[in-house]
Amino acid sequence: MWNNDQKKAIKHMEGPLLIVAGAGSGKTKVVTNRIAHLIDEGIPSTDILGLTFTNKAAKEMRDRVEELTKEDVFISTFHSLGAKILRESIYKIEYKTNFSIFDEEDSLRLLKSCFRSLKKEEKYLKYVKAKISQSKNNLISYENINKDSLISKKDFIFLEIYPFYQKKLKECNAVDFDDLLFLTALLLEKKELRETYQKRWSFILIDEYQDTNFSQYTMAKILSEKHKNIFVVGDPDQSIYSWRGARYENILEFDKDFKNCSIIKLEQNYRSSQNILLASNSLIEHNQNRYKKNLFSYLDEGEKVKIFIAEDEKLECDFVIKKILEQDKERAIFYRTNAQSRIFEDILIKKKIPYIIYGSISFYQRKEIKDILAFLNLIISDDDFISFSRTINLPKRGIGKTTLLKFLELKEKNNLSLFSLCQKILKEKNLIKITKKQKESFSEYLSLIFRLRDFYEKNKHIDEIILYFLKNSDYLDYLKEDPDTYEERKENIDELIKKAATFEGDLYKFFEEITLLTTNEVSEKKYSLKLMTIHNSKGLEFDEVFIVGMDEGLFPHENCKDEIEEERRLCYVGMTRAKKKLYLTCSLKRFLHGKERIARPSRFLKEISKKYVENLSEREIRNSFYVEDRVFHKTFGIGVVKRVYNTFYGDTYDVFFEEENQIRSLIAKYAKLEKY
């Protein structure tokens, strides 16, 4: 059964439309039914493009649409769309269409080799890596960098590494994950390609639009320019990924980008009790940059949000565990940083309470899986040096980093493909200095790769290729060198073979799917208790939610002083995951950075209207000032709070008063400070 706003959204036909969809308002159901409505109205399914952010979400949407219409609609992530367009058109920028897609680890290994080649200090690697990613997400090529803005040593290193890294990627005939958007957006700037893809899709639907970065925004804007039939769904109040490059401004400025657009708000929530929603609304209203909306629910009023202020973090943990033991429901503990899980895990293990940490290492990032995929990649790539350097010593062949660097230099000097150079090295004695044993091992390695290629030409079944590799190599013997992990690794390989057996398509498609899979997969075991960061909670829901560690400096985090609105959005996301019960806890003492410190309740606890909360502790949630707040004192004038701490007399402030040019210590209950 649809509410009126959902009906309007589903039946909208032509022209730009923004759906401001509150948490739990059924937005995915609206998007999929709108696609079904378009098809019912005679729009060919091939004219429709659906975009979202995770492979899981894309699959769910595809499955729902197919169930509703029996039609196959192209619904994918932005990165999958980029891979599709690049596979068709990358030759326009002088790449081969059989390019490799480097994942995080492959990209990092290539970047490290760039640092070594240019003799740069690797302590700047993390900064340069982030800066390259940021530049690509903002569609800034090396040529467009504002060189005058670079003043630090690490910026000048970035300036050298960025073009060199891109050059090396191209030499490997490879793209990294950011290139799937960066290069696609640049290709779409070309008039003939822009027109081609604009004609292909006349109706575009985008979910989670508040999470788009600049390159994704640009792709969407270009693709929808011709027909203007762009339908976007999102909620600026749930924009929590600025650290990934997401720009919530994209959704706030949609009506400027698309003149005369329609805007529909979905405010009816189908997930949470009314008290949880009213408490969440009262918090997020403190943000200025948002579309004003008020979530409501026709479910029962529900219990008030419970707040507990513990004297120390152990008592905070004891309180949460006690509540968890009271009854068996689907519940979750959310925290701001991963380090906070440790104290809960210790007690859960001692009490033998089953739990799972949500958001672990992806199946495809496990060593044995990456090893086998690297061997498979060399079947279809002549220039993938990253896969080559990963596999050449599996098992060990005594070919170290120095030999590999020399190998790379020869490749560039002779302008040969990877395996042409390999054959040349075996034929010519003095081309590179390697021992007789290394040469024999090297010959065995090449023989294996060429046998794999021959087998692939005759048999395209990927599962049989993996089995052939295992039978004709020493890889399983190599894994047995660590008997403690062998069985687990072997089970993982069996699972990869199982996936390959059900996969339809060639190796190129296989690698595209694997590279684009989410890295945040969860164990299949169904535990009633899940522990996770609040970022990982997005898109989930639980009967009971505990948000712990709500201390000032921890949440909002002390490193996010300039991003308080995003921190508040993050808290709002966590609160709106709860269906029936919500607990918010903090501690007045916490062990951080190697020492115990006095903590204070988060400002977010104070911002939630008291009408919707119940304080389960004896402590009051008192209003207080924060470090760097500007205050006024009737005697000393205007000042800035420099320190907040507890003394025998209660909350105490160290305030720097500007006229006196000195710091004064003031007891809060007597000082009568006012916010300035």
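The values are calculated or read from the model by the stated rules, or taken from the named source; none is laboratory data. Predicted model, so just to flag it, every value in this text is computed and none were measured. Quick reminder, even Gly has a Cβ in these numbers, built from the backbone with ideal geometry, and neighbours come from all protein chains shown. Areas reflect the complete protein model, heavy atoms only, side chains present, ligands, DNA and RNA absent. Shrake-Rupley method; radii C 1.70, N 1.55, O 1.52, S 1.80 Å.
The figures follow:
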quantity	calculated
Shape call, region 227-307: gyration tensor on alpha carbons, a/c limit 1.5	prolate
Residue-by-residue Karplus 3J(HN,Hα) for region 565-582, coefficients 6.51, -1.76, 1.60, Hz, glycine and proline x	5, 5, 4, 5, 4, 4, 5, 4, 4, x, 5, 7, 7, 7, 9, 10, 9, 9
Angle in degrees between helix 153-171 and the longest Cα principal axis of the chain, rounded to the nearest 10	40
His557 versus Leu426: modelled label distance in nm, points set 7 Å from Cα along the beta carbon direction	5.0
Pairs from Lys221/Lys579; Lys413/Lys439; Lys191/Lys265; Lys147/Lys411; Lys323/Lys611 whose Cα-Cα separation, in the structure shown, is over 25 Å	Lys221/Lys579; Lys191/Lys265; Lys147/Lys411
Contact order relative to length of the chain, as percent, for alpha carbon pairs under 8 angstrom and 6 or more apart	17
Exposure of Lys199 as accessible area (Å², to 10), given a probe of 1.4 Å and all protein chains	140
Solvent-accessible ranking of His286, His79, largest area first, probe 1.4 Å	His286, His79
Charge dipole (region 563-676, unit charges on Cβ, about Cα centre) - positive-most of Ser602, Tyr676, Tyr645	Ser602
Heavy-atom accessible surface of the chain: percent carbon and sulfur, 1.4 Å	48
Zero-based 5 Å bins, Cα pair distances in region 100-172, whole percents	3, 16, 30, 28, 17, 5, 1
Solvent-accessible surface ranking, highest first, for Leu467, Leu405 at 1.4 angstrom	Leu467, Leu405
Candidate aspartates and glutamates - alpha carbon under 15 Å from Lys427, same-chain residues fewer than 8 apart omitted	Glu440, Glu444
Probe 1.4 Å, accessible area per residue of the chain, Å²	48
Entries of Lys96/Lys129; Lys112/Lys460; Lys11/Lys530; Lys136/Lys538 with Cα pairs more than 31 Å apart	Lys112/Lys460; Lys11/Lys530
Dipole-positive endmost among Ile667, Val655, Phe636 within region 629-675 (Cβ charges, Cα centre)	Ile667
Student exercise, the chain dipole from Lys, Arg, Asp, Glu Cβ charges, in Debye to nearest 20	1160
Given charges at beta-carbon only (K, R positive; D, E negative), |dipole| of region 116-210 in Debye	380
Rounded to whole Hz, the Karplus (6.51, -1.76, 1.60) HN-Hα couplings of region 268-282, x for glycine and proline	7, 9, 10, 10, 10, 5, 4, 4, 5, 5, 5, 5, 5, 4, 5
Virtual spin-label span in nm between Glu303 and Glu409, 7 Å along Cα→Cβ	7.0
Region 102-154: GluC sites (Glu not before Pro) falling in loop per DSSP and having at most 12 other Cβ within 10 Å	Glu121
Global form of region 286-341, assessed from the alpha-carbon gyration tensor, a/c cut-off 1.5	oblate
Using a Förster distance of 51 Å, the FRET efficiency for Glu659-Ile353 (Cβ separation, nearest 0.05)	0.35
Cross-link reach list, aspartates and glutamates versus Lys226, counting only Cα pairs under 14 Å and skipping chain neighbours closer than eight places	Glu14, Asp47, Glu189, Glu192, Glu195, Asp257
Distance violations [Cα-Cα > 32 Å] among Lys168/Lys561; Lys322/Lys672; Lys304/Lys675; Lys292/Lys509; Lys367/Lys458; Lys70/Lys581	Lys168/Lys561; Lys322/Lys672; Lys292/Lys509; Lys70/Lys581
Hull-based mean projected area of region 629-675, where the convex hull spans the alpha carbons, in square nanometres	2.9
Counted charge near Glu71, where neighbours are those whose Cβ lies closer than 15 Å (Asp, Glu -1; Lys, Arg +1)	-3
Accessible-area value, Asp155, 1.4 Å probe, nucleic acids and ligands omitted, Å²	10
Segment Arg453-Glu607, length gained on full extension (0.36 nm per residue, minus Cα span)	49.1 nm
Rounded FRET efficiency, nearest 0.05, which uses the C-beta distance separating Ile638 from Asp72 and R0 of 56 Å	0.30
Check: region 100-172 dipole with +1 on Lys, Arg Cβ and -1 on Asp, Glu Cβ, in debye	260
Options Ile349, Ala279, Ser447, ranked by Cα towards positive dipole end of the chain, top entry (Cβ charges)	Ser447
Rounded to the nearest 10 Å², the accessible area of Glu487 at probe 1.4 Å	110
Sparse-neighbour loop sites [GluC sites (Glu not before Pro); region 646-676; at most 11 other C-beta within 10 Å; DSSP]	Glu659, Glu660
Amide H partners (placed H, <5 Å) of Asn615, local residues excluded	Ile307
DSSP-defined beta bridges in the chain - what % are antiparallel, rounded to 5	35
Solvent-accessible ranking of Thr515, Thr576, largest area first, probe 1.4 Å	Thr515, Thr576
³J(HN,Hα) computed for each position of region 603-620 - Karplus, 6.51 cos²θ - 1.76 cosθ + 1.60, integer Hz, glycine/proline x	4, 5, 5, 6, 7, 6, 4, 5, 4, 10, 10, 10, 8, 8, 10, 7, 6, 8
The chain - mean residue ellipticity at 222 nm from DSSP helices (-39,500 (n - 2.57) per run, n ≥ 4, rounded to 500)	-13500 deg cm²/dmol
